[in-house]
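Below you'll find the structure, written out as C-alpha coordinates, and then a few comments.
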Amino acid sequence: MSGQCNLDPQATSTQNDDLSRRRLITGAAVVAALGGATAEALAQGTPGGAPGNLRFLNPPSSFKNPGFNHAVEAIGPGRIVYIAGQQGRDIDNKIVGAPGDFRAQAEQAFLNIKGALGAAGGGFEHVVKLCHYFIDLQAHFRMMRDIRLKYFDPSRMPASTMIQVGALTDEKAIYEVDVVAVLPPA
(Lines give C-alpha, C1' and ligand atoms only; values in the text may rest on other atoms or scores of the structure.)
Protein backbone atom coordinates (compact mmCIF):
# COMPACT_ATOMS: atom_id res chain seq x y z
CA MET A 1 0.00 0.00 0.00
CA SER A 2 1.58 3.28 -1.12
CA GLY A 3 -0.08 5.43 1.52
CA GLN A 4 1.61 3.77 4.52
CA CYS A 5 2.91 6.08 7.19
CA ASN A 6 6.19 5.52 9.05
CA LEU A 7 5.36 5.93 12.75
CA ASP A 8 8.99 5.77 13.95
CA PRO A 9 10.02 9.45 14.47
CA GLN A 10 13.74 8.60 14.68
CA ALA A 11 13.67 6.80 11.30
CA THR A 12 11.79 9.72 9.71
CA SER A 13 14.30 12.21 11.15
CA THR A 14 17.24 10.18 9.78
CA GLN A 15 15.61 9.98 6.33
CA ASN A 16 14.99 13.74 6.30
CA ASP A 17 18.60 14.44 7.40
CA ASP A 18 19.93 12.20 4.58
CA LEU A 19 17.69 13.95 2.06
CA SER A 20 18.77 17.40 3.32
CA ARG A 21 22.46 16.45 3.10
CA ARG A 22 22.01 15.17 -0.47
CA ARG A 23 20.26 18.38 -1.49
CA LEU A 24 22.93 20.51 0.16
CA ILE A 25 25.78 18.63 -1.53
CA THR A 26 24.03 18.67 -4.91
CA GLY A 27 23.27 22.39 -4.59
CA ALA A 28 26.86 23.18 -3.60
CA ALA A 29 28.16 21.21 -6.60
CA VAL A 30 25.87 23.12 -8.98
CA VAL A 31 26.89 26.49 -7.52
CA ALA A 32 30.59 25.57 -7.75
CA ALA A 33 30.22 24.41 -11.35
CA LEU A 34 28.34 27.53 -12.42
CA GLY A 35 30.74 29.79 -10.56
CA GLY A 36 33.73 28.17 -12.22
CA ALA A 37 32.19 28.38 -15.69
CA THR A 38 31.37 32.05 -15.27
CA ALA A 39 34.85 32.90 -14.00
CA GLU A 40 36.41 30.99 -16.91
CA ALA A 41 34.22 32.78 -19.45
CA LEU A 42 35.04 36.19 -18.00
CA ALA A 43 38.74 35.38 -17.93
CA GLN A 44 38.71 34.55 -21.63
CA GLY A 45 36.82 37.70 -22.51
CA THR A 46 34.34 38.10 -25.31
CA PRO A 47 35.18 39.36 -28.78
CA GLY A 48 33.46 42.31 -30.38
CA GLY A 49 31.58 43.50 -27.31
CA ALA A 50 29.54 40.30 -26.99
CA PRO A 51 27.59 39.90 -23.75
CA GLY A 52 29.72 38.34 -21.00
CA ASN A 53 27.34 35.39 -20.64
CA LEU A 54 28.12 34.10 -24.16
CA ARG A 55 31.19 32.37 -25.58
CA PHE A 56 31.47 31.78 -29.34
CA LEU A 57 33.43 28.59 -29.94
CA ASN A 58 35.23 26.94 -32.86
CA PRO A 59 36.89 23.76 -31.62
CA PRO A 60 40.19 22.79 -33.25
CA SER A 61 38.51 19.59 -34.48
CA SER A 62 36.11 21.59 -36.71
CA PHE A 63 36.69 23.36 -40.02
CA LYS A 64 36.87 27.16 -40.01
CA ASN A 65 34.08 29.24 -41.57
CA PRO A 66 33.80 33.02 -41.21
CA GLY A 67 30.01 32.85 -41.64
CA PHE A 68 29.20 31.06 -38.37
CA ASN A 69 30.60 29.54 -35.20
CA HIS A 70 30.23 25.83 -34.53
CA ALA A 71 28.99 26.36 -30.98
CA VAL A 72 27.84 29.11 -28.67
CA GLU A 73 27.94 28.57 -24.93
CA ALA A 74 25.37 30.46 -22.87
CA ILE A 75 26.38 30.77 -19.22
CA GLY A 76 23.47 31.32 -16.83
CA PRO A 77 21.64 32.99 -15.44
CA GLY A 78 19.89 34.51 -18.42
CA ARG A 79 16.70 34.67 -20.45
CA ILE A 80 16.25 32.48 -23.51
CA VAL A 81 14.16 33.96 -26.31
CA TYR A 82 12.86 31.68 -29.06
CA ILE A 83 11.74 33.62 -32.13
CA ALA A 84 9.32 31.83 -34.43
CA GLY A 85 10.14 31.44 -38.10
CA GLN A 86 10.20 34.84 -39.78
CA GLN A 87 9.48 35.23 -43.48
CA GLY A 88 9.75 38.36 -45.59
CA ARG A 89 6.35 39.63 -44.41
CA ASP A 90 5.62 43.28 -43.75
CA ILE A 91 3.34 44.66 -41.04
CA ASP A 92 0.32 43.96 -43.32
CA ASN A 93 1.31 40.26 -43.54
CA LYS A 94 2.28 40.62 -47.22
CA ILE A 95 5.41 39.07 -48.74
CA VAL A 96 7.71 41.97 -49.70
CA GLY A 97 9.52 42.62 -52.98
CA ALA A 98 8.94 41.34 -56.46
CA PRO A 99 8.06 37.65 -56.85
CA GLY A 100 11.17 35.60 -56.10
CA ASP A 101 13.18 38.55 -54.70
CA PHE A 102 15.27 36.68 -52.16
CA ARG A 103 17.18 39.71 -50.89
CA ALA A 104 13.99 41.68 -50.16
CA GLN A 105 12.43 38.74 -48.31
CA ALA A 106 15.56 37.97 -46.28
CA GLU A 107 16.09 41.63 -45.34
CA GLN A 108 12.47 41.87 -44.17
CA ALA A 109 12.81 38.65 -42.15
CA PHE A 110 15.85 40.15 -40.39
CA LEU A 111 13.96 43.38 -39.70
CA ASN A 112 11.20 41.27 -38.14
CA ILE A 113 13.80 39.52 -35.98
CA LYS A 114 15.22 42.90 -34.95
CA GLY A 115 11.74 43.94 -33.79
CA ALA A 116 11.20 40.73 -31.82
CA LEU A 117 14.62 41.02 -30.15
CA GLY A 118 13.90 44.65 -29.29
CA ALA A 119 10.55 43.71 -27.74
CA ALA A 120 12.46 41.37 -25.40
CA GLY A 121 15.05 44.06 -24.60
CA GLY A 122 17.80 42.57 -26.73
CA GLY A 123 19.60 42.87 -30.02
CA PHE A 124 21.48 40.79 -32.56
CA GLU A 125 24.45 40.58 -30.16
CA HIS A 126 22.32 38.17 -28.08
CA VAL A 127 21.54 35.75 -30.94
CA VAL A 128 23.19 32.36 -30.46
CA LYS A 129 21.47 30.22 -33.14
CA LEU A 130 19.90 30.75 -36.55
CA CYS A 131 18.12 28.13 -38.60
CA HIS A 132 17.59 29.20 -42.21
CA TYR A 133 15.01 27.53 -44.49
CA PHE A 134 15.47 28.04 -48.24
CA ILE A 135 13.29 27.00 -51.15
CA ASP A 136 16.49 27.09 -53.29
CA LEU A 137 19.53 26.80 -51.02
CA GLN A 138 22.18 26.69 -53.74
CA ALA A 139 20.85 29.83 -55.46
CA HIS A 140 20.68 31.96 -52.31
CA PHE A 141 22.97 30.87 -49.47
CA ARG A 142 25.89 33.02 -50.63
CA MET A 143 23.65 36.10 -50.58
CA MET A 144 22.67 35.23 -46.99
CA ARG A 145 26.29 35.60 -45.88
CA ASP A 146 26.29 39.24 -47.02
CA ILE A 147 22.96 39.94 -45.35
CA ARG A 148 24.08 38.46 -42.02
CA LEU A 149 27.20 40.64 -42.01
CA LYS A 150 24.91 43.69 -41.76
CA TYR A 151 23.53 42.39 -38.46
CA PHE A 152 26.33 40.39 -36.80
CA ASP A 153 29.89 41.12 -35.77
CA PRO A 154 32.09 38.77 -37.88
CA SER A 155 34.11 37.81 -34.77
CA ARG A 156 31.01 36.42 -33.02
CA MET A 157 28.68 34.94 -35.61
CA PRO A 158 25.93 32.74 -34.13
CA ALA A 159 25.76 29.01 -34.69
CA SER A 160 23.85 28.49 -37.93
CA THR A 161 22.08 25.83 -39.94
CA MET A 162 20.88 26.15 -43.54
CA ILE A 163 18.26 23.77 -44.90
CA GLN A 164 16.48 23.48 -48.23
CA VAL A 165 12.77 22.77 -47.86
CA GLY A 166 10.06 21.85 -50.35
CA ALA A 167 7.59 24.54 -49.30
CA LEU A 168 6.88 27.26 -46.78
CA THR A 169 3.50 28.39 -45.44
CA ASP A 170 3.04 30.92 -48.26
CA GLU A 171 3.72 29.88 -51.86
CA LYS A 172 5.33 33.32 -52.50
CA ALA A 173 7.77 32.88 -49.60
CA ILE A 174 11.21 31.59 -50.57
CA TYR A 175 13.02 32.08 -47.23
CA GLU A 176 12.32 31.72 -43.50
CA VAL A 177 14.56 31.93 -40.43
CA ASP A 178 14.04 31.12 -36.76
CA VAL A 179 16.24 32.38 -33.96
CA VAL A 180 17.36 31.57 -30.43
CA ALA A 181 18.77 34.41 -28.32
CA VAL A 182 20.13 34.50 -24.78
CA LEU A 183 19.70 37.78 -22.91
CA PRO A 184 21.00 38.75 -19.48
CA PRO A 185 18.58 38.44 -16.55
CA ALA A 186 15.87 41.12 -16.46
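Numbers below:
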{"read-out": "Residue list for the stretch 96-106, filter: open to solvent by 20 Å² or more (accessible area, probe 1.4 Å) and small (Gly, Ala, Ser)", "value": "Gly97, Ala98, Gly100, Ala104"}
{"read-out": "Filter result for the condition that a residue is without any contact (Cβ under 8 Å) to a residue 60 or more places away in the chain, closer than 21 Å to Arg55 by Cα and in a helix (DSSP H, G or I), over Leu111, Leu117, Leu149", "value": "Leu149"}
{"read-out": "Residue count, the stretch 103-123 (criterion: of a type in the set (S, T, N, Q) and at pLDDT below 95)", "value": "0"}
{"read-out": "Members of the stretch 107-153 found to be surrounded by 15 or more Cβ atoms within 10 Å (Cβ to Cβ) and either touching a His at 6+ places or on another chain (Cβ under 6 Å) or among the polar types (S, T, N, Q) (or both), listed by number", "value": "Gln108, Asn112, Phe134"}
{"read-out": "Residues of the stretch 154-181 satisfying the condition of being within 18 Å of Val128 (Cα to Cα), open to solvent by less than 10 Å² (accessible area, probe 1.4 Å) and aliphatic (A, V, I, L, M)", "value": "Met157, Val177, Val179, Ala181"}
{"read-out": "Subset of the stretch 120-143 [without any contact (Cβ under 8 Å) to a residue 40 or more places away in the chain and closer than 20 Å to Val165 by Cβ]", "value": "Asp136, Leu137, Gln138, Ala139, His140, Phe141, Arg142"}
{"read-out": "Filter result (closer than 11 Å to Ala106 by Cα and in contact with a helix residue (DSSP H, G or I) (Cβ under 6 Å, 6 or more places away or on another chain)) within the stretch 123-142", "value": "Phe134, His140"}
{"read-out": "Complete set of residues in the stretch 69-85 that are of a type outside the set (A, V, I, L, M) and either open to solvent by 40 Å² or more (accessible area, probe 1.4 Å) or modelled with pLDDT of 80 or more (or both)", "value": "His70, Glu73, Gly76, Pro77, Gly78, Arg79, Tyr82, Gly85"}
{"read-out": "Restricting the stretch 120-146 to residues that are in a helix (DSSP H, G or I) and of a type in the set (D, E, K, R), the residue that is farthest from the chain's Cα centre (by Cα)", "value": "Arg142"}
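The values are calculated or read from the model by the stated rules, or taken from the named source; none is laboratory data. The structure displayed is predicted, hence computed values, not measured ones. Positions of Cβ are backbone-derived with ideal geometry, glycine not excepted, and every protein chain shown enters the neighbour counts. In case anyone asks, the SASA skips ligands and DNA or RNA and just uses the protein heavy atoms, side chains included. Shrake-Rupley method; radii C 1.70, N 1.55, O 1.52, S 1.80 Å.
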